[in-house]
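Report on one structure; see the data block that follows.
The values are calculated or read from the model by the stated rules, or taken from the named source; none is laboratory data. Worth saying up front: this structure is predicted, and the values here are computed from it rather than measured. Note that we place each Cβ from the backbone using ideal geometry, even for glycine, and neighbour counts take in every protein chain shown. Only protein heavy atoms, including side chains, enter the accessible area calculation; ligands, DNA and RNA are left aside. Shrake-Rupley method; radii C 1.70, N 1.55, O 1.52, S 1.80 Å.
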Amino acid sequence: MEKKKLSGFSGQIGFVLAAAGSAVGIGNLWRFPYLAAKDGGGLFILIYLILVLIFGFTLLITDIAIGRKTGKSAIYAYQSISRKWKPLGILTFLVPVLIMCYYAVIGGWVSKYMTIYLTGASAKAAADHYFTSFITSSYSPVFFAVLFMLVTALIVYFGVQNGIEKVSKMMMPLMLFIIVGITIYTMTLKQTEGTVTRTGLQGLMIYLTPQFKGLTLGRFLQILLDAMSQLFFSLSVSMGIMITYGSYVNKDVNLSKSVRQIEIFDTSIALLAGAMIVPAIYVFSGLAGMNAGPALMFVSLPKVFYAMGSIGYLIGFAFFFMTALATLTSCISVLESITANCMELFHISRKKITIILTFIYSLISAIVVLGYSIFYFKLPLPNGTTGQILDCIDYLSNSFMMPFISLLSCILIGWIVGPQWIADEVETNNYYFSRKRMYFFVIKYIMPVIMMILFLQSTGILNILA
């Protein structure tokens, strides 16, 4: 059970940057800002920060400790804990298998926009219905999705230290530099319409100030659930990724300290993304533009960059370049989780399984892309929404399976093997387990309840009961 893999991270810095790269993805730069704008600005931020410190820490350190203690990826990691719980490992493995079906598709969208700004065609991206016309095309989105898939696979092909760690060490500091630069520039923005002048600093205050007006218990619970779902989306927990990364971590790495660093890095990027995007939207589109929702990145922001004038070309390219980096680091972690599990399952070398998976997921990505054109359909989902291929896969993996997996994991660790099993791994080499008492209480009593609520909400049962 304690046997370690031959490959692994070189040390704590390599692990933290790779894990942070997995956590920092499209969710930080796209989902967090629009949820913050929708859910009361600073109120959403406050709730999210509390959840990260309590639930994010609990889920993250559990996954990483399971991986390092067993030295295995999800399927065999849970089997090592208890043979009866191998199905939980299989279920966990299926989450990245599903997510990988569409992550390269989103990466392709981002890459397309990056090339548009690289060629100086910001007016094209800002045109009405451009995004719709692009994703419904039969050729261009397929090309960019497959290209993004090939780049991801190439990095995974070269392994943990020579591929994932090297890329993460280069990309994460670059990403942070770009986002800080754009955020500072956003604060200088100013737009006058008639007698009304809107500034970036005013937009920042709207973003950071908690909005309690009209807040009801139902509204508060919805914000709470939005923040919790964002935490799942952002931290890469309950999908086997952090178990896989944990299996690559040496025993001399301080897990408690590493998790704290990952939390800080991931949350800082999310907060900066909001401070970068929300004020810019406010300056050029007013309060109405801040309610763009999921369309914010591909529809609203290109209009903002175009309104900036000549500097908008540069800002737009920098933004989508940074977003492409974030999407790539997350896509790498998803593919790596699948690769590691397949290597253990089928006893195939990394290079062979990566080539096989590249072919499979390039084909699947093309099919998912064409779900907006040739294979288009609308299917009602249990949570009250409707969706086509990508939406259905996203719902099944993120909204349905991840809360269910977290619920079962909390029961296993909290009540079957006991949280001390995790604590023993965290305290290896006499390292201090910060928030240990909180961890014991949360994983036994709080997490199962929260995960059950999220799971019931995803199935639509809560709506029926309400």
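The set of residues in segment 31-71 that are under 18 Å from the mean Cα position of the chain (by Cα), more than 21 Å from S238 (Cα to Cα) and not small (G, A, S) comprises P33, Y34, L35, F44, I45. Got a number for residues in segment 241-262 being open to solvent by 10 Å² or more (accessible area, probe 1.4 Å) and within 21 Å of P173 (Cα to Cα)? Counting residues in segment 241-262 that are open to solvent by 10 Å² or more (accessible area, probe 1.4 Å) and within 21 Å of P173 (Cα to Cα) gives 3. In this structure, does T186 turn out to be open to solvent by less than 20 Å² (accessible area, probe 1.4 Å), within 19 Å of G108 (Cα to Cα) and β-branched (V, I, T)? The answer is no for T186. Of the candidates P302, P279, the single residue that is of a type outside the set (G, A, S), more than 21 Å from the chain's Cα centre (by Cα), farther than 17 Å from M187 by Cβ and open to solvent by less than 10 Å² (accessible area, probe 1.4 Å) is P302.
Screening the candidates A153, A126 for the property of being touching a Leu at 6+ places or on another chain (Cβ under 7 Å) and in contact (Cβ under 8 Å) with a residue 12 or more places away in the chain yields one hit, A153. Among what's in segment 64-102 and is among the charged types (D, E, K, R) and open to solvent by 10 Å² or more (accessible area, probe 1.4 Å), pick the residue that is nearest to I241 (Cα to Cα). Applying the filter and picking the extreme gives K72. When L59, L51 are screened for being surrounded by fewer than 24 Cβ atoms within 10 Å (Cβ to Cβ) and under 24 Å from V442 (Cβ atoms), only L51 passes. Of the numbered criteria (1) of a type in the set (A, V, I, L, M, F, W, C); (2) more than 25 Å from T267 (Cα to Cα); (3) in contact with a helix residue (DSSP H, G or I) (Cβ under 8 Å, 6 or more places away or on another chain); (4) surrounded by fewer than 20 Cβ atoms within 10 Å (Cβ to Cβ), the one F148 fails is (4). Checking I422 against (1) under 24 Å from the mean Cα position of the chain (by Cα); (2) touching a residue at least 60 places away in the same chain (Cβ under 8 Å); (3) surrounded by 17 or more Cβ atoms within 10 Å (Cβ to Cβ): exactly one of these is not met. Which one? For I422, the failing item is (1). Across segment 400-449, the qualifying residues are those that are hydroxyl-bearing (S, T, Y) and in a helix (DSSP H, G or I), and the one among them that is nearest to I81 (Cα to Cα) is S409. Of the residues making up segment 425-466, those that are free of Cβ contacts under 8 Å to residues at least 24 places away in the same chain and among the small types (G, A, S) number 1. Taking each residue of segment 387-403 that is polar (S, T, N, Q) and looking for partners that are open to solvent by less than 30 Å² (accessible area, probe 1.4 Å) with beta-carbon atoms closer than 7 Å, six or more apart or interchain, yields Q388/G371; S397/V95; S397/I99; N398/F232; S399/S458. For segment 83-103, the condition of being of a type in the set (S, T, N, Q), closer than 30 Å to I315 by Cβ and assigned to a helix (DSSP H, G or I) holds for none of the residues. Restricting segment 310-359 to residues that are in contact (Cβ under 8 Å) with a residue 60 or more places away in the chain and of a type in the set (K, R), the residue that is surrounded by the fewest Cβ atoms within 10 Å (Cβ to Cβ) is K351. For first residues located in segment 164-178 and under 19 Å from A273 (Cα atoms) and touching a residue at least 12 places away in the same chain (Cβ under 8 Å), partners that are outside any helix (DSSP H, G or I) and not aromatic (F, W, Y) and lie 6+ apart or on another chain with Cβ distances below 8 Å form the pairs M172/V24; M175/V24.
Of all the numbered requirements in (1) open to solvent by 10 Å² or more (accessible area, probe 1.4 Å); (2) within 24 Å of P279 (Cα to Cα), V110 misses one, and that requirement is (1).
Residues that are at pLDDT 85 or above and hydrophobic (A, V, I, L, M, F, W, C) within segment 197-219 comprise L201, L204, M205, I206, L208, listed in sequence order.
Scanning segment 203-217 for residues that are open to solvent by less than 70 Å² (accessible area, probe 1.4 Å) and either in contact (Cβ under 8 Å) with a residue 40 or more places away in the chain or not in a loop (DSSP other than H, G, I, E, B) (or both) gives G203, L204, I206, Y207, T209, P210, L215. Within segment 24-72, if we keep just the residues that are of a type in the set (D, E, K, R) and either in contact with a His (Cβ under 7 Å, 6 or more places away or on another chain) or part of a helix (DSSP H, G or I) (or both), the residue that is farthest from S409 (Cα to Cα) turns out to be K38.
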